[in-house]
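For reference, the structure discussed in these notes is given below.
The values are calculated or read from the model by the stated rules, or taken from the named source; none is laboratory data. Predicted model, so just to flag it, every value in this text is computed and none were measured. Cβ placement follows ideal geometry from the backbone for every residue including glycine, while neighbour counts extend to all protein chains displayed.
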Amino acid sequence: MNKAYEEITNQIISQLQQGQIPWTKPWFGAQSVISYATGRPYSILNQMLLGDEAGEYITWRQIQEQGGHLKKNSKGRKIYLWKTIEKTETNKDGEIIKKQVPYLRSFVVFKIADCDGIQPRWQPKASNSTASPIKQAENTFHQYLNREKINLIHRKNESYYSVKYDYINIPEITNFRTAEGYYSVLAHESVHSTGAEKRLNRFNSRDRDDLFGSQKYSREELVAEMGSAFLLHHLGIDSSKTLKQNAAYIQNWLETLKKDTNMVVIAATRAEKAVRFILGETE
């Protein structure tokens, strides 16, 4: 097993064992954990690993380049970035093929607050919208569903995305205690819908709808859990009040992650792509 995958999984398991669900924290999906070099938020994966340590992060090399110094007893934190390495292989016709193979590379970063002689470079981006979080959610999902021609129906008192027929069914908003709860469920099912063959291709129309929630689709469920939390915070909705956080929920993911140590990395990467797709971001 890839060592990076094992390290990441163990960190997430450790948080779950402490009763903390990394993808439902109030800072998750916000621009509170950012790169000193670029000013951009870290990936979903790295936000979960850094936990509640909000702020700008910098590498040791960058500290030296900026003429700064680490304060006594400061500790670095590991983050992971996707890199590629070129490999060659011979196909059945004897031809040599060059392939770019992705791999996870770790970097140690330090909080700017733990450095002397270096000041933060970036201010959190203020939203230009004056709309309420609920209105922003309404607009975001309306635009996504219309763009992708996904029907949103409220025929049954249950929530699911139909792989075969490409529609989302959730209860009427009046069946929820809060509007936040309604958009939490819609976010979850919308993330599922990005997996369609004609979108991000995580599954195809031959997959049966009733397989969702099974062991085979545990990775997909985690994609939806992470993606919906990221979306909610992007919209300014507090997912800690809308997403499951009970002991049974934590125990379920603990058991699942111990069986599939690749799941966290795969799910986080897919969740980020799903969210960007829903928001219409092409970068």
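Here is how the numbers come out for the structure above:
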quantity: Meets criteria (modelled with pLDDT of 85 or more and in the same structural domain as K149 (by TED's automatic domain parsing)) for A274; calculated: yes
quantity: So K156, is it surrounded by fewer than 13 Cβ atoms within 10 Å (Cβ to Cβ) and either modelled with pLDDT of 90 or more or closer than 18 Å to F230 by Cβ (or both); calculated: no
quantity: So K75, is it at pLDDT 90 or above, surrounded by fewer than 17 Cβ atoms within 10 Å (Cβ to Cβ) and of a type outside the set (S, T, N, Q); calculated: yes
quantity: Qualifying residue in the range 36-56 (condition: surrounded by fewer than 12 Cβ atoms within 10 Å (Cβ to Cβ), over 26 Å from M226 (Cβ atoms) and either free of Cβ contacts under 8 Å to residues at least 40 places away in the same chain or assigned by TED's automatic domain parsing to the domain that holds Y182 (or both)); calculated: no
quantity: Residue match in the range 87-94 (condition: surrounded by 10 or more Cβ atoms within 10 Å (Cβ to Cβ) and farther than 29 Å from I8 by Cβ); calculated: no
quantity: Test: residue in the range 14-35 that is closer than 29 Å to L257 by Cα, modelled with pLDDT of 90 or more and in a loop (DSSP other than H, G, I, E, B); calculated: yes
quantity: Hey, S218 crowded, with 18+ Cβ neighbours inside 10 Å, among the hydroxyl-bearing types (S, T, Y) and modelled with pLDDT under 90 or not; calculated: yes
quantity: Residue within the range 103-123 that is touching a Ser or Thr at 6+ places or on another chain (Cβ under 9 Å), farther than 21 Å from P41 by Cβ and in the same structural domain as N73 (by TED's automatic domain parsing) present; calculated: yes
quantity: Selection count where residues are at pLDDT below 90 and in a helix (DSSP H, G or I), scope the range 231-245; calculated: 5
quantity: In the range 145-203, the residues that are assigned to a strand (DSSP E or B), free of Cβ contacts under 8 Å to residues at least 40 places away in the same chain and aromatic (F, W, Y); calculated: Y167
